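Here the structure comes first, spelled out in C-alpha cells, and everything after it is commentary.
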Amino acid sequence: PPHRDAPPRLPPALRLYRGPPRHAMFAVSAPRCAAAPAARAASTLGSKRAIAAAPLRVHRARRASAVTLTARAAGTIQKVTKDELEKVMQDRSTPLVIDFFATWCGPCVLLASELEKVKAELGDSVRIVKVDTDEEAALSTQLQIQGLPTLVFVGTDTEKPALRTEGMLPAEMVKSIIANEL
C-alpha cells in the first residue's frame, strides 16, 4: 500500500512537469510575512502541475493586488532608503515611527492604511517613514528584521531605547504607543 503522506498519483503526462522553480516564488533571505507560510505551504504541496498550478495563480494575483494597494496607500508616508533613514533619525524633535514592509506582504498593506489614519489624525506631531525590506535587504539583515510588518518607535528622548513590534497593529494601538511610551 502507498505511504499515507505520499502525494496522489497523477497520469504520466503530468508526472514529467515539475512546475516553476520554488526559489522564484519566495526569496530565501526575505523576512517572513504572516501570509507567506500559508501561500508557501499551498505552493509546495506537490511538484505536479495539477496540484501546484491553481494555488500559484491565486498567490500571484494576491501579490499583484498587494503591490497596487501599497502604492495607493503610500500618499503621506515617505518611503526612505538606508541613507535617508540615517538622516531622518538624527532629528529627534518629534516621535518617529519606522515601518519595515514588503510589497508582497498582506498584513503590511493593511498596516499601511492604519498608519495613514494615524498620520492624518496626529499630523506633524509624529513622523512616519517606510522601509521596503526587499529593496533594503542589507539594512533589514543588520537590524534583524525577521517578521513583517515590523514597526520601530523612536522617541524624542535619546536615553530611552526604541520600541519594536512585529505584526499588524490597529491605528488606536499605534497612537497609544506614541502617546504613552514615547
Next item on the list: Determine the gain in length on full extension of the stretch Lys87-Lys117; use 0.36 nm per residue of separation and subtract their C-alpha separation, reporting nm with one decimal.
Entry: 8.3 nm
Check: What's the Cα-based Rg to Rh of segment 85-165, Rh via Kirkwood?
Finding: 0.95
Note to self: Through the Karplus equation 6.51 cos²θ - 1.76 cosθ + 1.60, θ set to phi - 60°, convert the phi angles of segment 100-108 into ³J(HN,Hα) values in whole Hz; use x for Gly and Pro.
What the structure shows: 8, 9, 9, 5, 8, 8, x, x, 5
Checklist line | Greater than 20 Å apart at Cα, pairs in Lys79/Lys117; Lys82/Lys160; Lys130/Lys160; Lys79/Lys160; Lys87/Lys175; Lys82/Lys119 | finding: Lys82/Lys160; Lys130/Lys160; Lys79/Lys160; Lys87/Lys175; Lys82/Lys119
Next item on the list: Kindly rank 97-106, 83-92, 113-122, 148-157 from highest to lowest mean number of other beta carbons found within 10 Å of each residue.
Entry: 97-106, 148-157, 113-122, 83-92
Notebook entry, point to check: What nm distance separates the two modelled labels at Lys79 and Thr158, each placed 7 Å from Cα along Cα→Cβ?
Noted result: 3.3 nm
Next item on the list: Rounded to whole Hz and in sequence order, give me ³J(HN,Hα) for segment 145-152 from the Karplus expression 6.51 cos²θ - 1.76 cosθ + 1.60, θ = phi - 60°, writing x for Gly and Pro.
Entry: 7, 10, x, 10, x, 10, 10, 10
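Computed from the coordinates by the stated procedures, all read-outs in this text should not be read as laboratory data. Because the structure is a prediction, the values reported are computed rather than measured. Here Cβ is always computed from backbone atoms with ideal geometry, including for glycine, and neighbour counts include all displayed protein chains.
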